[in-house]
Each structure stands twice: as C-alpha cells, then as structure tokens.
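**Student:** Below is one structure. I have some questions about it.
A short reminder: the numbers here are calculations on the coordinates, not readings from a lab. From a predicted model like this one, the values you see are computed outputs, not experimental measurements. A quick note on method: Cβ atoms are made from the backbone with ideal geometry, for glycine too, and the neighbour counts reach across all protein chains shown.
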Amino acid sequence: MLEIRDLSAGYGHRHVLEHISLKASEGEVVGIIGPNGSGKTTLLKTITKVLEPISGTVLIDGTNVNEMQSTQIAKKVAVVSQVISINFEFTVEDIVLMGRTPYIKGSETFEDINIVRDAMEKTNTLFLKDRLITQLSGGELQRVIIARAFAQNPKILLLDEPTSHLDITNQIDILNLVKNASRKGMVVVAVIHDLNLAAYYCDKICLLQDGELISTGTPEQVLTSSNIERAFNIAVKVIPNEITNSLYVIPVLEPLHETLH
C-alpha cells in the first residue's frame, strides 16, 4: 500500500535523506526512530508531497504521489503533525469536520456528519464536541487531531511524534488508538522517540542515522545494542520484557559523582 523506492530528499542543495527504501502494508504499524536531525520528519513530508524528492519514488497503492493531485492524496493519507497550534476558537466538532474537506462539495452532508461523529466516538472526544479547541488539554487536543485524521477515512496515517508533551496515560491512550486503527486495515507510520513504546506498538521499525536507513525489520531485528549504540552513541542493554512480550531498552548510565565545591 505504501512503498518508498531509493528515495533521496532534502532542502535546496542540502541532502537530508539518502537512498531510503521501505514498504508498509495494511494492518502494520511502522515506527520511524533515530536521533534528532536524522531525517524522520523529512521522510513524512516527502510521503505526502509536501517536499519534492531529489530522486526516487513514493508509491501509494502503486501510484507515484508526484502524479497525484493534493485532494487525491488527502483521501488516501492523513497526517498528525508534531506541532499543533490552533489559535482560532473553533469548536471540536468544527475541527474534526475539517477532515472531510477533500470530500465536501459545497456543504457537508448527513454522511459527513455521521463520519465525524463516528471518528469522535472512536477517539473518545464526542463529549467535547461543543468545547472550543483553545480550551483543551494537551491530551484532549491530540485525540481531537487524530479524530480529524480518522474523519478523512485514510488508508495511511502518518504521525510525527504523536506522544510528545503528553503524560504517560495519554501516551498509552494515543498509541492504543493508533494500534486499533491499524488492526482494522490502516497503514500507520509513526515517528516515535521512546524506544520501549516503539518496541511494544510497532510491527516494523526503521532506524535512521544521518539520513540513511541503517536497519529495518521487526523490533527484535532492529533494536539491538549495537544498532542503538551506533545511531544514538549511547550504550544500552536490550532484554526481553516478559510482561509485555516485547523488548526493554535500558540505557547503561555511568554513576553520577558528587562535585565538591
């Protein structure tokens, strides 16, 4: 459903990504991990044609995104950005209804309203429908933006650090929402900083370093001590987590020495 072939991308003469290739099928959660500046957000921008590739191809259902109109892409791909800033006093329902923009001709229909209500029910935001978007907490706002994405009825959901600035309860809520969406056939590609959350929620992980894809595969294949040390320049222990049936990544920290003054 989503295929990236030998992709290189960047800004002006500065290359950020070099020769990236990966595939994501329906029902998969694909985690994009790597240190800051490794090209994770640039990759998401290139998938949606916000950024033109220098070379290579992005295919959605076998079609090159460069041959697709913006409306066509919006019917296939929904994006939840890293930075969410809405300063206008729209209601929550108005914000979620914006997800229907690619489909609305003139004014919204009963079908559009029903899809919006369904998206809010799935994200537990229906009780907020008349609340102003400027009055929400960080966790509530993130769920509303995901509801807007669901209202697009996308085949592919892209998330750029969906749990940043959220407490642990809201992180788990958001990632459970995303995982459930993938189980119903959606492709999910998510930039995730927390390696333990990536290990638990992702079916496949892509590890970027300096714009190159240095490892891709299952969490067990990618989240090795050597791969993490190479990418993040930090020693870790990776052990099986029997409680979650996944992996547990533990940084090996040097003891802190008290400084005498």
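**Student:** Dipole of the range 5-99, Cα-centred, from +1 at each Lys and Arg C-beta and -1 at each Asp and Glu C-beta, to the nearest 20 debye?
**Tutor:** Values: 8 positive and 10 negative charges, 64 e Å.
Roughly 300 debye, rounded to the nearest 20.
**Student:** Once you place label points 7 Å from the Cα toward the Cβ at V252 and D210, how far apart are they in nm?
**Tutor:** So the label points at V252 and D210 sit 2.3 nm apart.
**Student:** So for the chain, averaging the separation of alpha carbon pairs under 8 Å that are six or more residues apart and normalising by length, what relative contact order in percent results? Kindly include the intermediate steps, with their values, before the conclusion.
**Tutor:** Values: 490 pairs, mean separation 63.1, N = 261.
Normalised by residue count, the contact order of the chain is 24 percent.
**Student:** Once label points are set 7 Å from the Cα along Cα→Cβ at both S25 and T63, what is their separation, rounded to one decimal in nm?
**Tutor:** Computed distance between label sites S25 and T63 equals 2.3 nm.
**Student:** Along its three principal axes, how long is the range 75-141 when you only count alpha carbons? Whole Å, largest extent first please.
**Tutor:** The Cα atoms of the range 75-141 stretch 31, 24, 22 Å along their principal axes.
**Student:** In addition: Starting from the Cα of Y11, step 7 Å along the direction of its Cβ; do the same at E229; then give the gap between the two resulting points in nm.
**Tutor:** Distance between label points: 3.3 nm.
**Student:** Please determine, in degrees from 0 to 90 and to the nearest 10, the orientation of helix 110-122 with respect to the longest principal axis defined by the Cα atoms of the chain, where the helix direction is its Cα long axis.
**Tutor:** Between helix and principal axis, roughly 30 degrees.
**Student:** Let me spell out the model: positive unit charges on the Cβ of Lys and Arg, negative unit charges on the Cβ of Asp and Glu, origin at the Cα centre of the range 75-182. What dipole size does that give, in debye rounded to 20?
**Tutor:** Values: 12 positive and 14 negative charges, 85 e Å.
So the magnitude is around 400 debye.
**Student:** Okay, next question. Could you sort 1-11, 235-245, 192-202 so that the peptide with the highest average Cβ count within 10 Å comes first and the rest follow in order?
**Tutor:** On the way: 1-11: 17.7, 235-245: 12.2, 192-202: 21.3.
Ranked by mean Cβ neighbours within 10 Å, highest first: 192-202, 1-11, 235-245.
**Student:** Using only the alpha-carbon atoms, how far is helix 168-183 inclined from the longest principal axis of the chain? Give it as 0 to 90 degrees, nearest 10.
**Tutor:** With rounding to tens, the tilt is 70 degrees.
**Student:** Run lengths n ≥ 4 of DSSP H only: what is the helix-derived mean residue ellipticity at 222 nm for the chain, with -39500 (n - 2.57) per run over all residues, to the nearest 500? Mind showing how you got there, number by number?
**Tutor:** Values: 9 runs with 83 residues, N = 261.
My calculation for the chain gives -9000 deg cm²/dmol from helical runs alone.
**Student:** Could I ask something else about it? Please report, in cubic angstrom per residue, the volume enclosed by the convex hull of the alpha-carbon atoms of the chain. Walk me through the intermediate numbers first.
**Tutor:** On the way: hull volume 45.4 nm³, N = 261.
Enclosed volume per residue, from the Cα hull, is 174 Å³.
**Student:** Moving on to the next point. Among the listed pairs K23/K76; K49/K204; K105/K184; K184/K204; K40/K75; K40/K204, which have their C-alpha atoms separated by more than 20 angstrom in this model? Display every interim value, and only then the final one.
**Tutor:** Values: K23/K76 16 Å; K49/K204 23 Å; K105/K184 28 Å; K184/K204 17 Å; K40/K75 23 Å; K40/K204 15 Å.
Going by Cα-Cα distance, K49/K204; K105/K184; K40/K75 fall outside the 20 Å limit.
**Student:** Using DSSP, restrict attention to beta bridges with both residues in the chain and report what percent are antiparallel, rounded to the nearest 5.
**Tutor:** Here the share of antiparallel DSSP bridges comes out near 60 percent.
**Student:** Once both axes come from the Cα atoms, what is the angle between helix 138-151 and the longest principal axis of the chain, in degrees from 0 to 90, rounded to 10?
**Tutor:** 60 degrees
**Student:** Relative contact order for the range 1-153 using alpha-carbon pairs under 8 Å, separation at least 6, rounded to a whole percent?
**Tutor:** Details: 212 pairs, mean separation 33.2, N = 153.
So the answer I get is 22 percent.
**Student:** Follow-up question, since we're still on this one. Suppose the chain between H193 and Q72 were pulled fully straight at 0.36 nm per residue; how much longer would it get relative to their current alpha carbon spacing? Write out the running numbers ahead of the final one.
**Tutor:** Details: separation 121, 0.36 × 121 = 43.56 nm, distance 3.03 nm.
Full-extension gain reported as 40.5 nm.
**Student:** Build a GNM of the chain with springs between Cα atoms under 10 Å: which of R183, R100, R148 gets the top mean-square fluctuation?
**Tutor:** R183
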